[in-house]
Amino acid sequence: MTKKTIGIIGGMGPLATVKLFERIVTNSGAASDQEHPRVLIDNNTNISDRTGFILGRGEDPVPELIKSAVGLEKMGADFLIMPCNTAHFFLKEISGSINIPFIDMLEETLKEASKAVSDGRIGLLATDGTLQSGIYDKRAVDHGLKLIHPKPEEQAKIMKFIYSIKGGDLKGHSEGFQEIVTRMADEGLKAAILGCTELSVAIDYIELDKRITYLDPLTIIARKALFESGCVTK
């Protein structure tokens, strides 16, 4: 069987990159080393903060994102994925710099989200950059979805939790995040997108309200990448 090589633009953050690779390995169903896909990872920590730039207070991350994309293509990647929701704001620029496909994690997540709820209402837990850029919201309508955002004071707590994880504290500020999810469940929300890969990391370490179905983009893109690589058939 000919397998395609997966390329990962990583470093956003490093632990989220590790977790994406882990989810590719654990979802492959492989019975031997040779049945796993080949994966090329550029853990490019020179990529500047995406939210900071979108909000007008940081360096442009696009040059380093393109550098990683071009480098992975040269190394032999057949297609690319990226474990950072906010960085998909720059997807057009990245895709335009390469001659291989780039699988859109947000689009794959919204496809799954549309199957998860009957009323179209789904929570979006993400960075300020993702929320304010509207990169999920603008496309959600095409999938019959209405995305529910946290309240402004809650969003500040989510950002503290996200940057705590980036700083290596996996449970710092987690209580505030857990309270927000519980409040959403109390108000009848049935599902939520973990729209920041640091939150995808968090679900491995903290307990969340079980009344809500959590859509994890890292797992969704890992499974899609395995399918595209030819290592799984569905």
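Miscellaneous remarks
- Filtering 208, 189, 199 for residues that are in a loop (DSSP other than H, G, I, E, B), within 14 Å of residue 154 (Cβ to Cβ) and in contact with a strand residue (DSSP E or B) (Cβ under 7 Å, 6 or more places away or on another chain) leaves a single hit, 189.
- Boolean, residue 73 is of a type in the set (Asp, Glu) and either surrounded by 16 or more Cβ atoms within 10 Å (Cβ to Cβ) or within 15 Å of the chain's Cα centre (by Cα) (or both): yes
- Index of the failed condition, residue 97 passing every other in (1) surrounded by fewer than 18 Cβ atoms within 10 Å (Cβ to Cβ); (2) farther than 21 Å from residue 48 by Cβ; (3) at pLDDT 95 or above: (2)
- Here is the figure for the stretch 111-158: residues that are touching a residue at least 40 places away in the same chain (Cβ under 8 Å) and among the acidic types (Asp, Glu) total 3.
- If you go through the stretch 183-233 and keep only what is hydroxyl-bearing (Ser, Thr, Tyr) and under 20 Å from the mean Cα position of the chain (by Cα), you end up with 197, 200, 205, 213, 214, 219, 229.
- Scanning the stretch 101-118 for residues that are closer than 21 Å to residue 12 by Cα, β-branched (Val, Ile, Thr) and assigned to a loop (DSSP other than H, G, I, E, B) yields a single hit, 103.
- Residue in the stretch 164-178 that is surrounded by the fewest Cβ atoms within 10 Å (Cβ to Cβ), counting only those that are assigned to a helix (DSSP H, G or I) and free of Cβ contacts under 8 Å to residues at least 12 places away in the same chain: 175
- Residue satisfying condition, being assigned to a loop (DSSP other than H, G, I, E, B), modelled with pLDDT of 95 or more and buried (at least 16 other Cβ atoms within 10 Å of the Cβ), within set 221, 135, 158: 135
- Enumerated strands (runs of 3 or more DSSP E) restricted to the stretch 1-99, each holding at least 1 residues that are of a type in the set (Gly, Ala, Ser): 6-10
- Test: residue 25 is under 18 Å from residue 74 (Cβ atoms), out of contact with any Pro (no Cβ under 7 Å at 6 or more places or on another chain) and among the β-branched types (Val, Ile, Thr): no
The values are calculated or read from the model by the stated rules, or taken from the named source; none is laboratory data. The structure displayed is predicted, hence computed values, not measured ones. Virtual Cβ from ideal backbone geometry, glycine too; neighbours counted across all protein chains shown.
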